[in-house]
């Protein structure tokens with residue numbers, strides 16, 4: 001029985017003591033029969049599944065994080081410094097890029113990448129309307145005009161075959177977004193960009209560890225932009241980001257723009273900004289980076305489990321599952337299509353205490369702040385359809401199979417009444 005207890009509790013050993021040994025302590029002392037009953041008891045039924053439990057994800061790495069932060073506090077280097085430099089080295093190696101530059105957020109990673117290229121007023125940058133606001137927002141903040149191209153209805157990423165028709169003499173760059181953790185179809189994009197003399201900035205905010213034809217996200221374009229927002233697969237305790245590049249020239253420009261355009265200090269040749277990464281955020285990201293591969297594989301396993309459970313439950317006529325078109329998908333989100341019943345399903349799952357979210361309910365071309373672009377409803381039908389139909393389900397590495405079974409059972413109840 002003790003051997004079973006060791007295995008069930010994930011322990012290395014069990015030491016038996018007499019009840020008198022615990023006198024005065026707030027502990028539960030069990031008789032052998034009571035212990036046997038606990039071991040044989042069925043697991044507690046699932047009553048809640050969070051979309052993301054950020055606090056729980058830190059339990060296994062808390063000691064590593066505290067060690068890193070303690071070193072930083074004692075060192076006195078709180079902005080940039082050796083901890084940020086070490087993270088930059090590790091991230092460059094992980095992404096198979098020559099260089100990386102830590103910055104203040106994923107949004108600022110996009111903005112500083114545009115600034116490093118010299119993108120500004122009068123320029124145009126091609127991207128997708130079906131993404132987080134920061135992609136197009138950064139283009140506008142740089143002084144340029146976003147030009148939207150619709151998405152592929154399977155991958156939710158930009159359609160390469162529609163890009164060329166949008167290129168004008170003012171076009172300076174293309175920003176493909178690796179949405180939900182799956183890379184865009186990069187080969188035709190890179191070929192077109194080379195032919196037209198355009199830069200390519202990968203928005204890899206949701207795609208750390210993702211691959212396209214064995215090439216990591218962030219290593220294929222002129223630059224790759226990452227986010228360390230806490231909800232990302234590799235997140236910090238707050239905002240943070242990073243830019244990768246294989247260009248020495250762009251690397252130097254990124255470093256200059258990161259500190260208000262100054263080099264040396266207090267001598268400014270260009271307009272930069274305060275895009276510096278805090279050392280304490282670098283500590284958290286560095287501590288988590290060693291766990292990332294294991295967590296990513298757990299997400300991928302969870303995706304496979306969902307796929308099989310949905311098929312077993314005969315739900316594929318009602319929902320569309322997310323295919324892995326370009327391995328490796330890292331499932332920052334596991335997004336299904338639920339047709340015109342998406343909003344009903346979301347409300348039903350929320351009632352069952354299942355976390356789910358819509359990414360994103362309004363495509364960017366229909367946002368009020370982009371009215372000046374002159375876009376209207378119907379201009380990008382695939383993006384608009386995705387905004388009406390998609391729903392993200394819990395997929396993080398903390399999600400158990402029992403929780404996934406509960407999610408699928410509730411969706412089955414919604415569609416089939418079973």
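The values are calculated or read from the model by the stated rules, or taken from the named source; none is laboratory data. No experiment lies behind these values; they were computed from the predicted model shown. When we count neighbours, we look across all protein chains shown, and the Cβ atoms used for this are built from the backbone with ideal geometry, even at glycine.
In the range 90-124, how many residues are outside any loop (DSSP other than H, G, I, E, B), in contact with a strand residue (DSSP E or B) (Cβ under 8 Å, 6 or more places away or on another chain) and free of Cβ contacts under 8 Å to residues at least 60 places away in the same chain?
1
Spot the failing condition for residue 139; the list is (1) touching a residue at least 40 places away in the same chain (Cβ under 8 Å); (2) under 24 Å from residue 383 (Cα atoms); (3) under 23 Å from the mean Cα position of the chain (by Cα), and only one is missed.
Of the numbered conditions (1) touching a residue at least 40 places away in the same chain (Cβ under 8 Å); (2) under 24 Å from residue 383 (Cα atoms); (3) under 23 Å from the mean Cα position of the chain (by Cα), the odd one out for residue 139 is (1).
Does the range 309-316 contain any residue that is closer than 18 Å to residue 399 by Cα and part of a helix (DSSP H, G or I)?
Checked the range 309-316: at least one residue is closer than 18 Å to residue 399 by Cα and part of a helix (DSSP H, G or I).
Given 82, 129, 121, which one is modelled with pLDDT of 95 or more, assigned by TED's automatic domain parsing to the domain that holds residue 229 and surrounded by fewer than 24 Cβ atoms within 10 Å (Cβ to Cβ)? First the steps, then the outcome.
Details: 82 fails: modelled with pLDDT of 95 or more; 129 fails: surrounded by fewer than 24 Cβ atoms within 10 Å (Cβ to Cβ).
After applying the criteria, what remains is 121.
Can you name every residue in the range 383-398 that is under 20 Å from residue 332 (Cβ atoms) and either out of contact with any helix residue (DSSP H, G or I) (no Cβ under 9 Å at 6 or more places or on another chain) or outside the structural domain of residue 351 (by TED's automatic domain parsing) (or both)?
386 - this is the single residue of the range 383-398 that is under 20 Å from residue 332 (Cβ atoms) and either out of contact with any helix residue (DSSP H, G or I) (no Cβ under 9 Å at 6 or more places or on another chain) or outside the structural domain of residue 351 (by TED's automatic domain parsing) (or both).
Looking at the range 131-149, can you tell me whether even one residue there is under 21 Å from residue 328 (Cα atoms) and touching a strand residue (DSSP E or B) at 6+ places or on another chain (Cβ under 9 Å)? Break it down stepwise before answering.
At the first step, the residues of the range 131-149 found to be under 21 Å from residue 328 (Cα atoms) are 131.
Filter again for touching a strand residue (DSSP E or B) at 6+ places or on another chain (Cβ under 9 Å), leaving 131.
Looking through the range 131-149, at least one residue is under 21 Å from residue 328 (Cα atoms) and touching a strand residue (DSSP E or B) at 6+ places or on another chain (Cβ under 9 Å).
Would you check if residue 318 is over 24 Å from the mean Cα position of the chain (by Cα), more than 29 Å from residue 214 (Cβ to Cβ) and surrounded by 15 or more Cβ atoms within 10 Å (Cβ to Cβ)?
yes
Out of 60, 37, 44, I need the residue that is part of a loop (DSSP other than H, G, I, E, B), at pLDDT below 85 and more than 16 Å from residue 241 (Cα to Cα). Which one?
Only one candidate qualifies: 44.
State all residues of the range 399-410 that are surrounded by 21 or more Cβ atoms within 10 Å (Cβ to Cβ) and either touching a helix residue (DSSP H, G or I) at 6+ places or on another chain (Cβ under 7 Å) or under 30 Å from residue 127 (Cα atoms) (or both); if no residue qualifies, say none.
Passing the criteria: 399, 404.
Please go through the range 342-361 and pick out each residue that is more than 18 Å from residue 206 (Cβ to Cβ) and either free of Cβ contacts under 8 Å to residues at least 60 places away in the same chain or touching a helix residue (DSSP H, G or I) at 6+ places or on another chain (Cβ under 7 Å) (or both).
The answer is 342, 343, 345, 346, 347, 348, 349, 350, 351, 352, 354.
For the range 362-378, enumerate the residues that are crowded, with 17+ Cβ neighbours inside 10 Å and either farther than 16 Å from residue 388 by Cα or assigned by TED's automatic domain parsing to the domain that holds residue 146 (or both).
Listed by number, the residues that qualify are 370, 373, 375.
In this structure, is residue 332 within 20 Å of residue 209 (Cα to Cα) and part of a loop (DSSP other than H, G, I, E, B)?
Criteria met by residue 332.
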